[in-house]
Amino acid sequence: MPGGRLLLALVTLVCGLASAAAAPRLTATRPAPALAAWSVFCEQNALECAVNLAEPEIIRLDPEALELIDAVNRHVNRSIAPRLDMDHWGTIDRWDLPIDGQGDCEDYQLLKRKFLVDAGLPRRAMRMTVVIDETGQGHAVLTIRTDQGDLILDNKAEAVLRLDEVSYQFIQRESPNAIGWLFLEREAVGAVVVMAQ
C-alpha cells in the first residue's frame, strides 16, 4: 500500500528530526553560591574565569571539533597523575592548573579547558561543572555545550561522553553569562507522537 509506506517514511523522518532536536542538555535554574576554592583560583587566574559574551555559548560539533575535544581529553587524562588536594597542597580543596603534573578532578578539567581555548574553542561554551559521583562524593567535570547536546569531559573516563551516558547528579556549573555559578537540572527530552488512521 503506497500510502502506508509514505506514512511510515514520514514517521521515521519526524522521529529522526525530533531525536536530533532533543539532544540532552543541562538547564540552569537559578544562581548558585560559588565554591571558595574556585573564587581563589579566579582571583589568581582572572582570564581562566572570564566570560566573553561575544563568544558563542554553544559550539557547532563538527568532526574536527570532536576530534580535538577527544584528543585533549585523552591527553590530559593520561598526562596528569591523580593526587588529592590534601596530599598535594595540605588543604581540602584547591583549584589550580596542574603545572607540576599532579592534580585532582577540577585540575584536570581546568587544563582541558585551557588547551581547548588555546586551540580556538570558545571558553564560554566550556563550563566547569560540579556533580555528585557514583560514590556520593563531590566531583568536577567539564561540560561543553554543543549543537548536538552537552558533552562531558571527565578524568574518570577516557571517552568524551554525551550527557545521557553519565549517571552523575548534576549540581551546578559556571554561568555562561557572568562570573558566577548556576544550579542545574537535566532538560526534559520532548517526545513526538504521530497518529495515523
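Details
- Mean-position separation - Cα centroids, region 53-100 and region 101-115, in angstrom: 4
- For region 133-187, the square roots a ≥ b ≥ c of the C-alpha gyration tensor eigenvalues yield an a/c of 1.5 or more together with a/b not exceeding b/c, which makes the shape oblate.
- Label-reachable residues, region 107-137, where backbone N falls under 14 Å from a point 7 Å from L97's Cα toward its Cβ: 107-120
- Net charge over other residues, Cβ less than 15 angstrom from the Cβ of I152 (K, R count +1; D, E count -1): -1
- Within region 101-145: backbone nitrogen closer than 20 Å to the M86 label point (7 Å, Cα to C-beta): 102-108, 131-140
- Burial ordering of R25, R173, fewest other beta-carbon atoms within 10 Å first: R25, R173
- Region 2-186: projected area of the alpha-carbon convex hull, averaged over directions, in nm²: 12.5
- Pairwise FRET efficiency - D118 versus A178, Cβ, R0 = 25 Å, nearest 0.05: 0.60
- Structural size metrics of region 15-123, computed from C-alpha coordinates, are Rg and Dmax of 16.4, 53 Å.
None of the figures in this text is laboratory data; all of them are computed from the coordinates on show. It should be emphasised that the depicted structure is a prediction, and the values quoted were computed from it without experimental measurement. Reconstructed Cβ throughout: ideal geometry from the backbone, glycine too, with neighbour counts over all protein chains shown.
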